[in-house]
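Worksheet: the structure to be examined is printed underneath.
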Amino acid sequence: MDPELLKSVSDFVPNTTKEQLFNPTANAIGRGVGGIFAWIFQKPIKYGIIKEKEFADLVDCKFNPNFWTNCSA
């Protein structure tokens, strides 16, 4: 597709409509990625290699939209 066509269509659609369209999708993707992280880290958490609080902080930080401004990692 032509990038100019996509830009013109994007400019035509109101921002509120785009937010209502993409926010549920982004939320579902975020939950899926969070589930994958939880599955990967379940054994280290179980055996105390990683503390559950540290894992929660990592996930909250990495999936925070303001990652670069709020997180020191």
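Details
- Total residues in the stretch 34-73, condition β-branched (V, I, T), open to solvent by less than 90 Å² (accessible area, probe 1.4 Å) and either modelled with pLDDT of 80 or more or assigned to a loop (DSSP other than H, G, I, E, B) (or both): 1
- Selection count, the stretch 3-16, where residues are at pLDDT below 80 and either under 30 Å from D60 (Cα atoms) or within 16 Å of the chain's Cα centre (by Cα) (or both): 0
The values are calculated or read from the model by the stated rules, or taken from the named source; none is laboratory data. In this text, all values refer to a predicted model and were calculated from it rather than measured experimentally. In case anyone asks, the SASA skips ligands and DNA or RNA and just uses the protein heavy atoms, side chains included. Shrake-Rupley method; radii C 1.70, N 1.55, O 1.52, S 1.80 Å.
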